[in-house]
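What follows is one structure encoded as structure tokens, with my remarks underneath.
Any read-out appearing in this document is the output of simple, stated calculations on the displayed coordinates, not a laboratory observation. Since the model is a prediction, treat every value here as computed from it, not as a measurement. Here the Cβ positions follow ideal geometry from the backbone for every residue, glycine too, while neighbour counts run over all protein chains shown.
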Amino acid sequence: MVKDTTATSTEMTQPVIIDLGKQRSKLIKELKNGEGELWDEVLEVADEVKEMLGAEAEGKVLIPVIMLYQEKLGRRRLDLEKLIFPLMVNDDDDDDEEWP
């Protein structure tokens, strides 16, 4: 026996992205524990979004999703150069040599 499925409509809203910038490790540890200045800032923004939504936010729960990252530029750039130019030799000593 096959059950009929009912279509439910879901509305997609734009995510709210907060860039907290570069932070000290102590503040990040506190954020991970749900404490501290950064956590307070996240909650303040969530409250502002709830106020902006007004009647739309009634009966809904806003859940903050926090992503932490550490940018490492040096190695990634080197790997990209190797991928693009695999045969290129990157020696600074070659600059002194003259072509015959």
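Excluding Ile63 itself, what net charge comes from residues whose Cβ is under 14 Å from its Cβ, given Lys and Arg +1 and Asp and Glu -1? Taking every Cβ under 14 Å from that of Ile63, the sum is +1. Counting Lys and Arg as +1 and Asp and Glu as -1 over every other residue whose Cβ lies under 13 Å from the Cβ of Gly21, the net charge comes to -2. Over all other residues within a Cβ to Cβ distance under 15 Å of Gly36, the charged ones net out to -2, with Lys and Arg as +1 and Asp and Glu as -1.
Using 0.36 nm per residue and subtracting the Cα-Cα separation, the extra length available between Ile18 and Val45 on full extension is 8.9 nm.
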